[in-house]
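Each remark here refers to the structure printed beneath this line.
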Amino acid sequence: MYGGKSYRMWRIRTILIFFAISLFLLADAQELPRVRSLTPRQADSLARKQVFYKDRVVPFHTVASDVTVKLTGKRNFGKLDPVRFVSSLIVFPSDWVDVPLFKISDKRLADSLEVRKGDMIPISVLFDEYGDYKLRNFYLSGDEAFDKAILDLDEKIEILLLLRTNSLFQPLQDSGIEPLPEWKVSLEIFFNKVHIVTWLFIVAFSISLIGILSICFKQRNFLWLLYIFPALISLADFILRWLIGGFIPLADGEQVMIFMSVILFIMATISCNSKPWIATAMMVMGAFTSLVARLSASNPVITAISPALASPWLAFHVSVIMMSYAFLAVMFPLSIALECVKRDKGEGLAKWCRNVNIIGVVLLGLGIILGSLWAKEAWGRYWSWDPKENWAAITFFVYLLPLCLGNRIIKNYRLYGIILIIAFFMMIITYFGVNYFIGGMHSYA
């Protein structure tokens, strides 16, 4: 099959690729410095111990998993699983003084600490020879990115302090609260270890690609068998979160994105036989929302849930809002298609978009009303002119605009596509822009 020079080049490329992969694996499997830790058997026993953490009873494994991801960005630290890693931080803190734990990604912060950007640093680097905490001298510099990098690192140091002072969680026997049944402890540990959201976005992206190829090659008969897998996985993730937490899991960005993925994947499964391309667009959007959920999971919130977030109005508000976003997001790839198709197909696609548009706008309006009821309970007034509220209203009116134009927008379907593209970016600003760049009472980035 291969001849002469081409065969030799193929062999050289294969060897180089194998060598590169080997180097990568060796680099990733770095040796952990000498630190004392529990034995695996002791860790397994500790993992099931119940503690009071973030306003609920959890197995210690949940605390350890959150802390490990928060401090290191990984689910394990070297050869130590979360329980052995965190218990070692608590029991043998002196062993970790000079162990590189924190990655410095901000260039200015790296320069201030006299390290290189991307380096892993130990906690000892953050204190000078007199024992003074260096970060307090850098904060409030006027550089927002620099200040945020300092706050992120400072939060990790605070978590270590809370662990050292036994303030992050409370042993269950000291809280007077009834323990969880053993089946629930096992379920939560299983959920922590499997980390369904990681598999969800991998499966969703893979099936999206297979779906696109299946439609291109006109093999659509068993498309629903493929699309039902992400729907079942995301639904299982959502239900498990509900069972474990004891409340509707819509309290943070990760949970909200999982809920949105559930809606998109179910919609894709239902419509894949009648509207395969539209169903595939839903599948792609669901894959992206599950990816956002996975990214959110890499920075867990290690604080108690506030009373405002425990309000039932919030669950209704977020559920309806995210259903509206799911419907409206599906129109984004279709709005791009409106700019490319010919008139006979363009008008038909525009009619379908209008039907989805109506559902999305009605749900968005209802979600805003439910949000005002939640705001009255949480902050004492229905509307506060908060950035999230303002951008939600802007998004609502931009999506409402083409519906006010009636059948004229169907004829001028390219204009409809442009409006929908603008509206989608308004929605992105509403959800992500406010959280990460604008701020306000609704920001939870």
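The values are calculated or read from the model by the stated rules, or taken from the named source; none is laboratory data. Computed from a predicted model, the values in this text were never measured in an experiment. Cβ sites come from the backbone with ideal geometry, for glycine too, and all protein chains shown count toward neighbours. Heads up: the accessible areas ignore ligands, DNA and RNA and are worked out on the full protein's heavy atoms, side chains in. Shrake-Rupley method; radii C 1.70, N 1.55, O 1.52, S 1.80 Å.
Some points to look at:
- Beta carbons closer than 8 Å, at least 6 apart along the sequence or on distinct chains, pair a first residue in segment 60-84 that is farther than 20 Å from SER296 by Cβ with a second that is of a type in the set (Asp, Glu) and open to solvent by 10 Å² or more (accessible area, probe 1.4 Å) for GLY78/GLU31; VAL83/ASP44.
- Candidates LEU334, LEU328, LEU314, LEU291 - the one that is of a type outside the set (Asp, Glu), at pLDDT below 75, crowded, with 17+ Cβ neighbours inside 10 Å and assigned to a helix (DSSP H, G or I): LEU314
- Looking only at segment 81-113, and only at residues there that are closer than 27 Å to LYS193 by Cα and charged (D, E, K, R), the one that is surrounded by the fewest Cβ atoms within 10 Å (Cβ to Cβ): LYS103
Yes or no, residue by residue, for (1) modelled with pLDDT of 85 or more; (2) surrounded by 15 or more Cβ atoms within 10 Å (Cβ to Cβ); (3) in contact with a strand residue (DSSP E or B) (Cβ under 8 Å, 6 or more places away or on another chain):
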position	(1), (2), (3)
LEU400	yes, yes, no
CYS404	yes, no, no
TYR413	no, yes, no
LEU420	yes, yes, no
ILE438	no, yes, no
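- Within segment 248-265, residues that are in a helix (DSSP H, G or I) have Cβ atoms under 6 Å from residues that are among the hydroxyl-bearing types (Ser, Thr, Tyr) and crowded, with 24+ Cβ neighbours inside 10 Å in these pairs: MET257/THR289; MET260/THR289; SER261/SER234; SER261/THR289; SER261/SER290; VAL262/SER234; PHE265/SER234, counting only partners at least 6 apart in sequence or on another chain.
- Matching residues in segment 366-384 - criterion: being under 20 Å from LEU400 (Cα atoms) and loosely packed, with under 15 Cβ neighbours inside 10 Å: ILE369
- The one condition in (1) touching a Phe, Trp or Tyr at 6+ places or on another chain (Cβ under 7 Å); (2) without any contact (Cβ under 8 Å) to a residue 12 or more places away in the chain that GLU114 fails to fulfil: (1)
- Boolean, PRO100 is in a loop (DSSP other than H, G, I, E, B), closer than 30 Å to SER234 by Cα and either touching a Pro at 6+ places or on another chain (Cβ under 8 Å) or not aromatic (Phe, Trp, Tyr) (or both): no
- Residues of segment 148-185 satisfying the condition of being hydrophobic (A, V, I, L, M, F, W, C), assigned to a helix (DSSP H, G or I), under 10 Å from VAL51 (Cα atoms) and open to solvent by 40 Å² or more (accessible area, probe 1.4 Å): none
- In segment 191-204 there is no residue matching the filter, namely being small (Gly, Ala, Ser) and surrounded by fewer than 18 Cβ atoms within 10 Å (Cβ to Cβ).
- Residue check for ILE394: at pLDDT 85 or above and touching a His at 6+ places or on another chain (Cβ under 9 Å): no
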